[in-house]
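Here's the structure we're looking at; comments come further down.
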Amino acid sequence: MSTIVALLLIGAAFTVLGLVPYLGLWRSWAETTRPNIIFPWLYLGVAAICGGVFGALADTALAGFAVIVLLVGILAGAVFVGTIIIGMPRWMLPRWYRVIRGR
């Protein structure tokens, strides 16, 4: 399996793991775990997918688009690291989480 395929698969897995709590389909963690542990998975997945897409397109005619995808991936990675370290700002939390926490 190539590195690009691995990045895309890992990115897809983390994106799904991040979307499920954002959409409210998985709420059981909310009573025991802080949101900055669960929600950032989405951004890690997006960053990995962007890395895989960049790797696939970097040496093609779409290299300009690949650079834009790479910048989006860097931004998603920075959001991932920032939310893990600093915490989730209120505006990034989904409505269902704010309702059960009374925020």
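Numbers below:
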| read-out | value |
| --- | --- |
| Listed peptides 2-12, 69-79, 92-102 by packing density, highest first (mean Cβ within 10 Å) | 69-79, 2-12, 92-102 |
| For segment 8-30 and segment 41-103, distance of Cα centres in Å | 13 Å |
| Dipole-positive endmost among Gly73, Gly24, Phe14 within the chain (Cβ charges, Cα centre) | Gly24 |
| Charge sum, other residues only, whose C-beta stays under 12 Å from Gly24's C-beta, Lys/Arg counted +1 and Asp/Glu -1 | +3 |
| Prolate/oblate/rounded call for the chain, Cα gyration tensor, a/c under 1.5 rounded | prolate |
| Distance between modelled label sites at Ile37 and Val67, nm, 7 Å Cα→Cβ extension | 4.2 nm |
| The chain, helix-only ellipticity at 222 nm - DSSP H runs n ≥ 4, -39,500 (n - 2.57), divided by all residues, nearest 500 | -22500 deg cm²/dmol |
| Candidates Pro21, Pro89, Pro40: whichever shows maximal mean-square fluctuation once the chain is modelled as a Gaussian network with Cα springs under 10 Å | Pro89 |
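Read-outs: derived from the displayed coordinates by stated rules, not from any lab. Computed from a prediction, not measured in an experiment: that's the story for all the values here. FYI the Cβ positions are ideal-geometry reconstructions off the backbone, even for glycines, and counts take in every protein chain you see.
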